Amino acid sequence: MKKQSNNNIARKKAKELRCLNIVLKTVPLLHDFYLMNIGTERPDFILTNSKEEKIGVEHFLVDALTDKQNAKSRLIEAEKEKIYAKRHLYKNHPKDMEKDIMHCATNILDGVKKFSYWEFICEFERIVDSHKKNIEAYKAAHKFDKFGFICEITVPMADYNWVVSDSKNSPFHQTIRGIPMTYKMWNKIYALLENGDIDFFIITTIPVDDDKKVYSQCYTINTKRPKLYWNFRFSL
């Protein structure tokens, strides 16, 4: 049981590192920084650069693929990894491959159909608030020059086609790179920046069907307010 728990922790940390590496490559604010230390407790990562500046980073996942508040993206990723690991066995059992792929695809489609923006935003606010409580402790343990959050959001598709609503129109289709920014999300993020709790809030959107088409957006106190929507859902 302990071995399984250690394996789960290792997989979780590997996913967090994957997200961090994406951010380091795609967010200009952190281009000159590299990983100094993986936090044994909190925060998750400590970055530094040639000037010996130090940045604290806390990562968390907000899963857009949920079913009754159960996160599904990590389960789907695990399914994909198992399919890849068994690829050599499928040569003699092609029907097994078809069955496994269909099961994975069904889980993705199921997540799309059952998506609720209101469940999503409640989870987003809950997770952000839970990490906000620990900010002072993070900062007290280290003398950071900057501190911020990386919010990983998983989505089912890589084409970034959404159905969104704003104050002037009924729901309409819109292609938006990354996750559509809603009023509730922006209010929560901007309050942290305005109060000086954090120096940056990065949202990295990762499609489960193609993790090469990721998108990161960095928000600071100087960021111009993005286009805001009331809510969104996936476009089928």
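The values are calculated or read from the model by the stated rules, or taken from the named source; none is laboratory data. These figures come from a predicted structure and were not determined experimentally. Because the Cβ atoms are built from the backbone with ideal geometry, glycine has one as well, and the counts that use them run over all protein chains shown. What goes into the accessible areas is simple: the full protein's heavy atoms, side chains included, and nothing from ligands, DNA or RNA. Shrake-Rupley method; radii C 1.70, N 1.55, O 1.52, S 1.80 Å.
Test Asp159 against the criterion of being acidic (Asp, Glu) and in contact with a Pro (Cβ under 9 Å, 6 or more places away or on another chain), and give yes or no.
On the way: acidic (Asp, Glu): yes; in contact with a Pro (Cβ under 9 Å, 6 or more places away or on another chain): yes.
Here the answer is yes, as Asp159 does meet what is asked.
Each residue in region 208-236 was checked for being under 29 Å from Phe147 (Cα atoms), of a type in the set (A, V, I, L, M) and more than 16 Å from the chain's Cα centre (by Cα), and 2 of them qualify.
Matching residues to (1) more than 26 Å from Asn21 (Cβ to Cβ); (2) touching a Lys or Arg at 6+ places or on another chain (Cβ under 8 Å); (3) at pLDDT 90 or above:
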position: Ser130; (1), (2), (3): no, no, yes
position: Ala140; (1), (2), (3): yes, no, no
position: Lys168; (1), (2), (3): yes, no, no
position: Lys212; (1), (2), (3): no, no, no
position: Thr220; (1), (2), (3): no, no, yes
position: Trp230; (1), (2), (3): yes, no, yes
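In region 151-160, the condition of being under 21 Å from Trp118 (Cβ atoms), among the aliphatic types (A, V, I, L, M), open to solvent by less than 10 Å² (accessible area, probe 1.4 Å) and not in a helix (DSSP H, G or I) is met by at least one residue. Within region 10-25, restricting attention to residues that are within 16 Å of Val62 (Cβ to Cβ) and at pLDDT below 85, which residue is nearest to the chain's Cα centre (by Cα)? Looking at the filtered set, the residue picked out is Lys15. Counting only residues that are surrounded by fewer than 15 Cβ atoms within 10 Å (Cβ to Cβ), give me the strands (runs of 3 or more DSSP E) lying completely in region 165-236 with at least 3 of them. By residue number, 172-175.
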